[in-house]
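K.L.:
Please read through the structure below; I'll follow up with questions.
Read the figures in this text as sums done on the coordinates, not as results from a lab. In this text, all values refer to a predicted model and were calculated from it rather than measured experimentally. Please note: Cβ atoms are built from the backbone with ideal geometry, for glycine as well, and neighbour counts cover all protein chains shown.
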Amino acid sequence: MKLLDKALRRWRFTIALRETPPGVRSAFDIGCDDGSLLAQIPGEGIRRDGCGPLAHSYTSADGGRILTGMFPDAVSRPGSYESASYDAIYALAVFEHFDAVDLKKSSPVIADMLADGGRLIATVPHPFVDKILHVLLFLRLIDGQEVHEHHGFDPLTLEAALPDLRLVRRKRFQLGLNYLLVFERAEPRPPA
């Protein structure tokens with residue numbers, strides 16, 4: 001990962017971590033790669049789980065688990081996360097890689113994984129970013145591992161694409177080229 005990649009990722013992390021609910025006890029990162037976002041969540045005793053197609057599967061000393069695989073299929077396998085609920089679910093620079101079918105499958109799974117009062121914290125680049133990334137790739141300033149997977153996804157359509165969730169905050173950052181979108185479950189969890 002090049003210096004510019006790291007700086008942009010760190011900027012996304014900072015923006016997303018500000019939206020983490022207070023007193024978070026459990027967090028999940030969709031597309032977690034090496035788990036570096038999870039490691040930056042402040043606090044002790046937090047369960048830190050995640051999945052990603054490039055992640056390396058492991059279980060940490062505190063019981064947190066990282067699974068290799070695409071969301072939501074990675075968490076739908078037997079023995080994965082069926083009974084877990086998370087105060088924070090992160091999806092940073094992830095949904096622009098999903099097609100409509102992936103998003104439709106993800107919506108109820110995310111809603112089911114969220115604890116009462118939990119949040120989905122997502123960042124999605126504006127479609128114009130794809131053009132910028134291609135220039136930066138040409139200049140060899142970034143690695144751009146999955147730029148070819150971007151399909152001009154419009155961040156303003158994410159709310160409609162996740163009907164099981166309710167948008168509570170939308171904000172632009174990184175010179176207006178990125179969106180922060182924060183969701184909660186649309187319907188409260190039924191009593192047990």
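K.L.:
What's the extension gain from SER85 to GLN40 if we count 0.36 nm per residue and subtract their Cα-Cα distance?
P.N.:
14.2 nm
K.L.:
Still on this structure, please answer the following. How high is the FRET efficiency from LYS105 to LYS171, r the C-beta distance, R0 22 Å, rounded to 0.05?
P.N.:
E between LYS105 and LYS171, to the nearest 0.05, is 0.25.
K.L.:
Computed FRET efficiency, Cβ-Cβ of THR68 and ARG25, R0 30 Å: what is it to the nearest 0.05?
P.N.:
With R0 = 30 Å, the Cβ-Cβ based efficiency is 0.75.
K.L.:
By average Cβ neighbour count within 10 Å, what is the ranking of 94-101, 168-175, 65-72 from highest down?
P.N.:
Sorting 94-101, 168-175, 65-72 by mean packing, highest first, produces 65-72, 94-101, 168-175.
K.L.:
Let me ask something else. Could you give the length gained by full extension between LEU54 and ALA186, i.e. 0.36 nm per residue of separation minus their alpha carbon distance, to one decimal place?
P.N.:
Fully extending the segment from LEU54 to ALA186 adds 44.5 nm.
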